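Beneath this line is the structure, given in structure tokens, with notes to follow.
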Protein chains: 2
Amino acid sequence: MQVSELIWSETEKEIAHQAFNRAYERELMTLIEYVQVQSHAIKKIDDVWNLHDFLSARRHQIDGKYDFRYSVLLFVFADLLKEGWLHQEDLEGLEKDKLAKITALSRI
Amino acid sequence: MQVSELIWSETEKEIAHQAFNRAYERELMTLIEYVQVQSHAIKKIDDVWNLHDFLSARRHQIDGKYDFRYSVLLFVFADLLKEGWLHQEDLEGLEKDKLAKITALSRI
């Protein structure tokens, strides 16, 4: 069965939403902390434009990455797992086949 | 004579460069101070994206505004004067006709 054709039970949908939101919160909290630290070090205009460039890149990246469509969700979870924003325990309760696919994809 | 056809003496060119740089420095220092204050108040992700939006707009605006071409310089100086980044005394030494044009344009 194709990843895009997987069936998600109501319980799994709930788990998926929570896992997705947790990863998003973790990544954004880390971003906020980074911006706070960087902005305290602003002394000259290049520091301001560097911060702007950084935020442009991160915003674009985050907007593209957090895509909650079931057809792509295993890929999204695999990326988040690889990057450390999602933890294995966040996914507990998903069926074994999905977990195995996510883990396998996260190793690519 | 058209504004774009004005002749600038070497002394005037030097004064114009200094005035232009002074205005630029003033505006950027104010921007840096603003970003420092705003960034200290960052608590949530909306604050980060609001800062990003603000920087995008200001960068675009500043890039467009600081145009050191003699053909448009009186207009640039008029805008900077109106916005307070340039002071009348920065322009002392320019010929009276140019000063009058800048002052008149700054009132539009």
Legend entry - Test: A:Arg69 is open to solvent by 60 Å² or more (accessible area, probe 1.4 Å) and without any contact (Cβ under 8 Å) to a residue 60 or more places away in the chain: yes
Inset, instruction - For segment A:83-104, enumerate the residues that are of a type outside the set (D, E, K, R) and open to solvent by 40 Å² or more (accessible area, probe 1.4 Å). - result: A:Trp85, A:His87, A:Gln88, A:Gly93, A:Leu99, A:Ala100, A:Ala104
Legend entry - Odd one out for B:Thr11, checked against (1) open to solvent by less than 80 Å² (accessible area, probe 1.4 Å); (2) of a type in the set (S, T, N, Q); (3) in contact (Cβ under 8 Å) with a residue 12 or more places away in the chain: (1)
Inset, instruction - Can you tell me which residue within segment B:27-37, out of those that are facing another protein chain (nearest Cβ under 8 Å) and surrounded by fewer than 17 Cβ atoms within 10 Å (Cβ to Cβ), is nearest to B:His60 (Cα to Cα)? - result: B:Ile32
Legend entry - Flag for A:Leu86 being outside any helix (DSSP H, G or I) and more than 12 Å from chain B (Cβ to nearest Cβ): yes
Inset, instruction - Would you point out which residue out of A:Leu51, A:Leu80 is open to solvent by less than 30 Å² (accessible area, probe 1.4 Å), within 14 Å of chain B (Cβ to nearest Cβ), closer than 26 Å to B:Ile42 by Cβ and assigned to a helix (DSSP H, G or I)? - result: A:Leu51
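The values are calculated or read from the model by the stated rules, or taken from the named source; none is laboratory data. For clarity, every value in this text was computed on a predicted model and none was experimentally measured. Quick reminder, even Gly has a Cβ in these numbers, built from the backbone with ideal geometry, and neighbours come from all protein chains shown. When the accessible area is computed, the model is the full protein with side chains, heavy atoms only, and any ligands, DNA or RNA have been set aside. Shrake-Rupley method; radii C 1.70, N 1.55, O 1.52, S 1.80 Å.
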